[in-house]
Amino acid sequence: MYIIQAHAGNLTEWERATSVVQAARLVLVRENPTPDAQVTALAPTTHGWLTACQSPLQARMTDRSAWAATVAVSCATPRWTIYVPFTFTLWRPVVLAADFLRAGAVIKHQDLTVRRELISAETGPVCFSEGSVVGKVLNANVNTGAKIDPQNLVAPEIIHQGQQVTLEARFGNVRIRAEGIALNDGRLGSALLVRNTESGKVVTGIVQLDGKVLLTPGKS
């Protein structure tokens, strides 16, 4: 028969992971990074290496992004610091395709529907308002009910090659206009080559919403 005698003075008490996470969460609540976010902590392993703190735990946020935060939890006696990562998920209105949409289609209001979705860093790019989508052109097919990816949206072509356009140069409050012929197709905000009808000179401009071409300083 063997008798094992334990000496209480030699037993090590380890810090509880739940205490560390609780201290870290208090920082998130206090600093209120995203009030309506669902917050998930990656609980650290403390047993076996993190001695129980003999003083109140201190915590501070060390990193913050739209979808994550990191909180440093420290102990003064004995001295140690451990980092607790958090991830956020949010309920947000997301723009979806109401029906199958083909590449090249100009999106209209009736092509879209909005539904609250739980999104996170893994969700990928999404559109949150119909206003940011309507009038844009798809460069890829979108299935019914699928999220609209902003990376698949381009501005519509406003000007077509051979079209007569108005050139405009701005110098402070002074505006100078001339007529020209577009040498390539142009989308809103894109660069366009235009031949000045009067001088025959080829200039570069930026396509505006009203169809005018704003001359780019220093480029011709």
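Values computed for the structure shown
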quantity	calculated
Length added when fully stretched, Val202-Ser120, from 0.36 nm per residue minus Cα-Cα	24.7 nm
Hz values of 3J(HN,Hα) by residue in segment 77-85 - Karplus curve (6.51, -1.76, 1.60), Gly and Pro given as x	9, x, 7, 7, 9, 9, 10, 10, x
Solvent-accessible area per residue, Å², over the chain with all protein chains present [probe radius 1.4 Å]	63
Neighbour net charge for Phe88 - beta-carbon separation under 15 angstrom, K R +1, D E -1	-2
Amide H contacts under 5 Å for Cys127, placed H, 5+ residues apart	Val95, Ile148
Cysteines without a disulfide-compatible partner [the chain; Cβ-Cβ under 4.7 Å]	Cys127
Rg ratio (alpha-carbon, reference 2.2 N^0.38 Å) - the chain	1.76
Degrees separating the helix 17-31 axis from the principal Cα axis of the chain, which is the longest one	40
Computed Rg/Rh of segment 94-168, alpha carbon atoms with Kirkwood Rh	1.08
Reduced Cα scattering model of segment 17-89, Debye log10 I(q)/I(0), q = 0.19, 0.22, 0.23 Å⁻¹	-0.71, -0.91, -0.98
Trp49-Asn143 FRET efficiency (beta carbon distance; Förster radius 45 Å; 0.05 resolution)	0.35
Within-14-Å neighbourhood charge of Arg64 [Cβ basis; K, R +1; D, E -1]	0
Cut-off of 10 Å, at most 14 other beta carbons, DSSP loop: longest stretch of the chain lacking such GluC sites (Glu not before Pro)	14-121
Around Glu31: net Lys/Arg minus Asp/Glu count, Cβ-Cβ under 12 Å	+4
Percent accessible area from carbon and sulfur atoms, segment 51-173, protein chains only, probe 1.4 Å	50
Per-residue HN-Hα couplings for segment 181-190 [Karplus 6.51, -1.76, 1.60; θ = phi - 60°; Hz; x = Gly/Pro]	10, 5, 9, 7, 6, x, 9, 3, x, 8
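The values are calculated or read from the model by the stated rules, or taken from the named source; none is laboratory data. Note that this is a predicted model, so its numbers are computed, not measured. Quick reminder, even Gly has a Cβ in these numbers, built from the backbone with ideal geometry, and neighbours come from all protein chains shown. Protein only, heavy atoms only, side chains kept; ligands, DNA and RNA dropped before computing areas. Shrake-Rupley method; radii C 1.70, N 1.55, O 1.52, S 1.80 Å.
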